Each structure stands twice: as structure tokens, then as C-alpha cells.
Amino acid sequence: MGRITIAIDGYSSTGKSTVAKQLADYLGYVYVDSGAMYRAVTLYAMQQGIISKAHFDTSKLIASLPEIHLKFYKEPSWNKAHIFLNGKDVEDKIRNLEVSEFVSPVATIHEVRAKLVAQQKQMGLEKGVVMDGRDIGTVVFPKAELKIFMNASAEERAQRRYKELLERGEQIKFSEVLKNIQARDHIDTTRDDSPLVKAADAIDIDNSEMNLEDQFHTVLQLAKDRIAGRV
Ligand code: CDP
Ligand code: CDP
């Protein structure tokens with residue numbers, strides 16, 4: 001078998017993007033962080049005053065969608081592709097807790113999903129892609145040759161994300177991070193459009209007790225087997 005499509009879904013902070021990126025680098029595939037696209041739409045809505053702590057104007061956000069242009073671009077010296085929102089590199093800005101607080105409600109909006117899913121499908125036309133998110137194996141690439149569904153305990157995931165945010169210099173409490181992760185888990189799994197659910201043919205990986213290396217080798221072996229047509 002030639003190049004395949006790899007879909008990695010699962011809960012927040014399970015290590016999806018880390019393993020997806022490692023896999024893409026190893027195989028010479030393109031890595032696409034679909035969550036960055038939902039985050040960039042959210043950032044746009046925040047910047048335009050369409051959403052804030054005080055209000056959330058769904059109709060205005062839907063009407064603004066044609067003005068939102070997303071692109072991934074990688075300089076040779078960068079470790080991964082950055083996401084550009086209307087020509088501006090927003091890779092760093094989309095990672096703060098404020099964006100994390102609004103992103104899951106934004107991701108429930110059907111029109112937002114339709115726009116981003118269409119772009120994601122385009123990016124996978126040539127195969128040789130590893131995409132991570134919540135609905136990649138169920139909606140974006142239902143025919144992906146390899147589907148992984150990742151999970152870990154909420155406490156462990158919140159610890160991982162808390163450490164990352166502290167390293168970014170955010171003044172934040174562990175309890176806020178845990179609350180955000182639990183709130184997003186709830187919204188992502190209960191929304192009507194493309195909820196976070198394991199595809200019937202996805203392979204479950206719980207990495208609560210796995211380090212990054214073990215997790216990578218587990219997924220790489222699965223990918224090699226698929227590429228060689230062994231399973
Ligand atoms: O912070 P984390 O890496 O867990 O999340 P992310 O992958 O950056 O995604 C942020 C949010 O975008 C998720 O909590 C979902 O609400 C939404 N999302 C989605 O609905 N569908 C996707 N394919 C990817 C992300
Ligand atoms: O993409 P997702 O939100 O699923 O997770 P990530 O951004 O790849 O990983 C979140 C954080 O957890 C990163 O700092 C990873 O290095 C860390 N992590 C870990 O320490 N051990 C794992 N088995 C998986 C992730």
C-alpha cells in the first residue's frame with residue numbers, strides 16, 4: 001500500500017497533536033492540527049467583538065464566516081506549520097485559556113463546522129496526511145486507513161495542560177485548567193453536530209500511564225502495519 005490517511009481523535013490534552021506530528025515527521029506526511037482551525041475562528045470572533053464574556057452572537061459569527069481565511073504555512077526553521085488567520089500568524093495567540101474557554105461553544109455551530117470540514121477534506125485529497133481533532137475518523141476522513149482514539153484521565157490531562165500554560169507564562173490555577181478541560185469534554189461529546197465519539201473502527205489508546213515515547217512507538221507500529229497492508 002502507498003500513502004495512507006491517519007485520523008487521530010480523542011479528548012483534550014491526550015497527546016493527539018504530539019503523536020500526530022511525530023508520526024507525520026517520521027513518515028514524511030503532512031500534519032494538520034484541525035483544532036487550530038476552530039481556535040482561529042474563535043480568535044477572529046473575539047477580536048471582532050462578536051463573542052465576549054458578556055455576549056455570544058451566533059448569527060453574526062455565521063455571517064462573518066466568508067471573511068475568515070485560514071492557511072497553514074511552515075518556514076523551514078519552524079518545528080511545525082503555523083496557522084494564519086487572514087494572513088496573520090496566530091499560532092501562539094490561539095493557545096491561551098481565553099480562546100480555550102470559547103472554542104467549544106464556537107465548534108458546536110453547524111456552519112462553522114461545515115466550512116472547516118470542507119477545507120480539511122481538501123487537505124486530505126492526496127493522502128499522506130495525519131490529522132488530529134474530534135471528528136476526523138467519523139466525519140472528515142471516514143475512510144481513513146488508520147484511526148486512533150486517545151484518552152487519559154481528566155486529572156492527568158489537566159496536569160499536562162497546566163504545565164504547558166505555566167511554561168507559556170500564563171498566571172493560572174490548576175483548578176481553572178481542569179474546569180476548562182471538563183467543560184470542553186462535556187460540550188464536545190454532547191453537541192448535536194459531529195460529537196466527539198470513537199469511530200467503530202478506531203483503535204483505543206489510553207495513555208494515562210504512557211510517556212510520549214511509548215505512545216509514539218505504539219502508534220507508529222500500527223501505522224507501519226497499515227502501510228504494509230498487514231492489517
Ligand atoms: O486543547 P486541545 O488540544 O485539546 O484542543 P484542540 O485540538 O486545539 O481543539 C480545541 C477545540 O476545538 C476542541 O475542544 C473542540 O471543541 C474543537 N474541535 C472540534 O470540534 N473538532 C475538531 N476536529 C477539532 C477541534
Ligand atoms: O493535542 P492534544 O490536546 O491531545 O495533546 P498535546 O498537545 O499533544 O499534549 C498535551 C501535553 O501533554 C503536551 O505538553 C504533551 O507533551 C503532554 N503529554 C505527555 O506528557 N504524555 C503523554 N503521553 C501525552 C501528552
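Where a number appears in this text, it was derived from the coordinates with a stated rule and is not lab data. Predicted model only: the values in this text are computed from it and were never measured. Positions of Cβ are backbone-derived with ideal geometry, glycine not excepted, and every protein chain shown enters the neighbour counts.
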### Message
Of all beta bridges DSSP finds with both residues in the chain, what is the antiparallel percent, to the nearest 5?
### Response
30 percent
### Query
Tell me, what ³J(HN,Hα) does each residue in region 16-33 have, in order and in whole Hz, if you take phi through Karplus 6.51 cos²θ - 1.76 cosθ + 1.60 with θ = phi - 60° and put x for Gly and Pro?
4, 5, 5, 6, 5, 5, 4, 5, 4, 4, 5, 8, x, 9, 8, 9, 10, 8
### Task
Write down the percent of antiparallel bridges among all DSSP beta bridges whose residues are both part of region 23-148, to the nearest 5.
65 percent
### Query
Using Cα atoms only, what is the angle between the long axis of helix 154-167 and the major principal axis of the chain, expressed in degrees (0 to 90) to the nearest 10?
70 degrees
### Message
For region 5-224, compute the orientation-averaged projected area of the C-alpha convex hull (one quarter of its surface), in nm².
### Response
11.8 nm²
### Query
Which is farthest toward the positive dipole end of the chain among Ile187, Ile148, Gly128, measuring Cα position about the Cα centre, with Cβ charges +1 (Lys, Arg) and -1 (Asp, Glu)?
Gly128
### Message
5 Å is the cut-off here: which amide hydrogens, built 1.01 Å from N in the peptide plane, fall below it relative to Thr5, excluding neighbours closer than 5 in sequence?
### Response
Gly128, Glu145, Leu146
### Between 0 and 90°, nearest 10: helix 110-123 axis offset from the chain longest Cα axis
40 degrees
#### Entry: Of Lys21/Lys179; Lys88/Lys115; Lys147/Lys224; Lys16/Lys147, those spanning more than 22 Å from alpha-carbon to alpha-carbon
Lys21/Lys179
### Query
When only Cα pairs under 8 Å and 6 or more residues apart are kept, what is the percent relative contact order across region 5-224?
34 percent
